[in-house]
Structure formats: C-alpha cells, structure tokens
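These notes are about the structure you will find just below.
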Amino acid sequence: MNRKRGFEIAKGFENSNINLPVRSTKNSAGYDIEAAEDCVIPTFKLGQKPTLVKTGLKAYMESDEVLILANRSSNPGKKGLVLANSIGVVDSDYYGNPDNDGHIMFAFYNFKDEDTVIKKGDRIGQAMFQKYLITDNDIAQGERTGGFGSTN
C-alpha cells in the first residue's frame, strides 16, 4: 500500500492507549482528535500563555499538503475553550522532527470563570488534510530543524 496521509502514535505515547482519529460521518471534513491525558486549562489571565493539550499523535502527508487543526464548534460555548492561534497549521515536514517526533498539540485559552478539566479521550478538536498552492516566484528552500513553533 502506498502511504499518502494518515495518523500514527507519537514517540512516548506508544503505551498510552491513544485512539487514532476517525471521521464521525461519511461527509465529515474533519477527523476527531482526542486528548492523550487529563489536563486542566486555567481561567484566562492577561499575559498568560496558552495551555498545550497533548494528543499523542503525529501525522504524515504528502509534501504539498497541510493538516489544519480546528476547534470543536461546541468548545467555546460549553467549555469556554478557544484556540490561541485560531487554527493550527501542521506542515508536512513537522512529522518525525527531532525535537518532538511531530507530536500534535492544541493550544487553548479558557474564557470561563472556572478552570476547565479535559479528560483523556475527550474530543478536543478536529483535523483536516488540505492541499496548498505556492506562488510563481516562490523561493522557499529552508529545512525544518525543530518541532513546535520552530519555523519562527
């Protein structure tokens, strides 16, 4: 079988009973992503960094593809959770990087009046594979050297 795109368990999570993402219905665009472990997302305070919620997953894809991470539509209203970066962008060269093996994490802020508890296995977001285009005069030649946020 020729591998094009998919999910795998990231290093360090091999024995954590991580579920590989699935689509809920045949017409769903996104794969449901679960939390890899229990965590608490504190109520937002000015100047606070977002909480990174681990998934225990990494994703492989073709070189002209990207994995888009999106919030669940119910998260803001029910749990007070919004993605700190609006959407997450996982580049194809993030897979297997030397810093964190391409481990996918969701960066959340909590705007509720109380801390939000995430349990292992809770669905926290969605992931969608997409093709992308480049401009005629594109000259990108750099190589990824690290993990989360390493491309500045």
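Within the stretch 26-107, list the chymotrypsin sites (Phe, Trp or Tyr not before Pro) lying in a DSSP loop whose Cβ has at most 11 other Cβ atoms in a 10 Å radius.
Counting only loop positions with at most 11 other Cβ atoms within 10 Å, none of the chymotrypsin sites (Phe, Trp or Tyr not before Pro) in the stretch 26-107 qualifies.
Between their Cα atoms, which of K54/K131; K11/K78; K26/K120; K49/K120; K26/K78 are more than 28 Å away from each other?
Pairs exceeding 28 Å: K11/K78.
When only DSSP loop residues count, what chymotrypsin sites (Phe, Trp or Tyr not before Pro) in the stretch 107-139 have their Cβ near at most 14 other Cβ atoms within 10 Å?
Hits after loop and neighbour filter: F111, Y132.
GNM, the chain, Cα, under 10 Å: largest mean-square fluctuation among A36, A140, A127?
Of A36, A140, A127, the most mobile in the Gaussian network model is A140.
In the stretch 63-119, which trypsin sites (Lys or Arg not before Pro) fall in coil by DSSP and have 13 or fewer other Cβ atoms within 10 Å?
Those that pass, being in a loop and sparsely packed, are K119.
Using +1 at the C-beta of Lys and Arg and -1 at the C-beta of Asp and Glu, which of F106, I134, T25 has the Cα lying farthest in the positive direction of the dipole of the stretch 7-134?
Positive-end residue among those listed: T25.
Read-outs throughout are calculated quantities, based only on the coordinates presented, and are distinct from any laboratory measurement. Computed from a prediction, not measured in an experiment: that's the story for all the values here. Cβ coordinates were reconstructed from backbone atoms using ideal geometry, including for glycine residues, and neighbour counts include every protein chain displayed.
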